[in-house]
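No lab work stands behind these numbers, since they all come straight from the coordinates. Computed from a prediction, not measured in an experiment: that's the story for all the values here. Cβ sites come from the backbone with ideal geometry, for glycine too, and all protein chains shown count toward neighbours.
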Amino acid sequence: MSRSVLVTGGNRGIGLAIARAFADNGDKVAVTFRTGEPPEELTKLGVLPVRCDITDAEQVDTAYKTIEEQHGAVEVLVANAGVTRDQLLLRMSEEDFTSVLDTNLTGTFRVVKRASRGMLRARKGRIVLISSVVGLKGSPGQANYAASKAGLVGFARSLAHELGSRNITVNVVAPGFVDTAMTQVLGGERKEEILKNIPAGRYAQPEEVAASVRFLASDDAAYITGAVIPVDGGLGMGH
Ligand code: NDP
């Protein structure tokens, strides 16, 4: 059955691959984008692009209203939008820290809270949060990002408790290094160093993350909630 799916930050990278996976499945997909114009590919896929900065609760509410009018209440939410602002602790400004938290963690709170209204009413729903292996293992220069991504795990697990009896699952996908704009900024040396620690010996493709998200949103995953699913080529083993 065709569901109303929302993917935040679905205009590029991992979010775009996730939107594509649900659209291929026959779902009614909406994505948020923040800057620029959404890629033409979305129109071809029949995906609804909605401009929204998730650091602004009003914009989040307006985006939901548009989606509800066109696709009905959101039944599957994938909170994917995220940013990095890397810096070693002593050089990290409070702004570097709070802005990353405000997007990755509080931004996720805003979109999840708004989606939960309709899901509670419908007594069903699927929520998938995109965290990172960095939230589990930490990473030098990414204290802000790691804190935000680790925060998503506690957030998801609390909601799994709150919403479980209403047939709403809340899970986390923790990708390792994925070939997107976010990792293309890493220098060659750093990239080589990272690759040495990945048992799979390569970065992930965005589609490999999307496949796990689609599974967690499927009927087959009805009894999985509060889980953290690594999609990291073995990088985070034991975490
Ligand atoms: P990209 O940098 O390619 O895309 C990030 C997306 O988030 C863009 O769509 C961007 O919109 C959106 N976004 C950022 N800030 C906001 C905001 N304030 N409001 C709304 N949208 C916003 O990243 P990836 O595709 O690589 O990453 C997607 C998710 O996966 C992120 O949460 C990231 O932390 C996580 N992740 C990525 C990994 C990787 O190796 N790439 C590894 C592990 C996790 P816009 O285009 O308008 O800027």
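Listed here are the residues, each with its yes/no results for (1) in contact (Cβ under 8 Å) with a residue 40 or more places away in the chain; (2) surrounded by fewer than 18 Cβ atoms within 10 Å (Cβ to Cβ).
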position	(1), (2)
169	yes, no
184	no, yes
190	no, yes
200	no, yes
203	no, no
211	yes, yes
226	yes, yes
229	yes, no
235	yes, no
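Let's see how each residue does on (1) within 10 Å of the ligand (Cβ to nearest atom); (2) aliphatic (A, V, I, L, M); (3) without any contact (Cβ under 8 Å) to a residue 40 or more places away in the chain; (4) surrounded by 17 or more Cβ atoms within 10 Å (Cβ to Cβ):
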site: 5; (1), (2), (3), (4): no, yes, no, yes
site: 15; (1), (2), (3), (4): yes, no, no, yes
site: 25; (1), (2), (3), (4): no, no, no, no
site: 30; (1), (2), (3), (4): no, yes, no, yes
site: 41; (1), (2), (3), (4): no, no, yes, no
site: 50; (1), (2), (3), (4): no, yes, yes, yes
site: 55; (1), (2), (3), (4): yes, no, no, no
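Does residue 173 meet the test of being under 30 Å from residue 121 (Cα atoms), surrounded by fewer than 21 Cβ atoms within 10 Å (Cβ to Cβ) and either within 10 Å of the ligand (Cβ to nearest atom) or not polar (S, T, N, Q) (or both)?
Taking the combined requirement at face value, the residue does not satisfy it.
Tell me which residues, restricted to the range 81-101, are touching a residue at least 24 places away in the same chain (Cβ under 8 Å) and farther than 30 Å from residue 210 by Cα.
88, 89, 92
Only one of 90, 45, 105, 77 is more than 10 Å from the ligand (Cβ to nearest atom) and over 25 Å from residue 216 (Cα atoms); which? So that I can check it myself, show each step before the final result.
On the way: 45 fails: over 25 Å from residue 216 (Cα atoms); 105 fails: over 25 Å from residue 216 (Cα atoms); 77 fails: over 25 Å from residue 216 (Cα atoms).
Every option except 90 fails the conditions.
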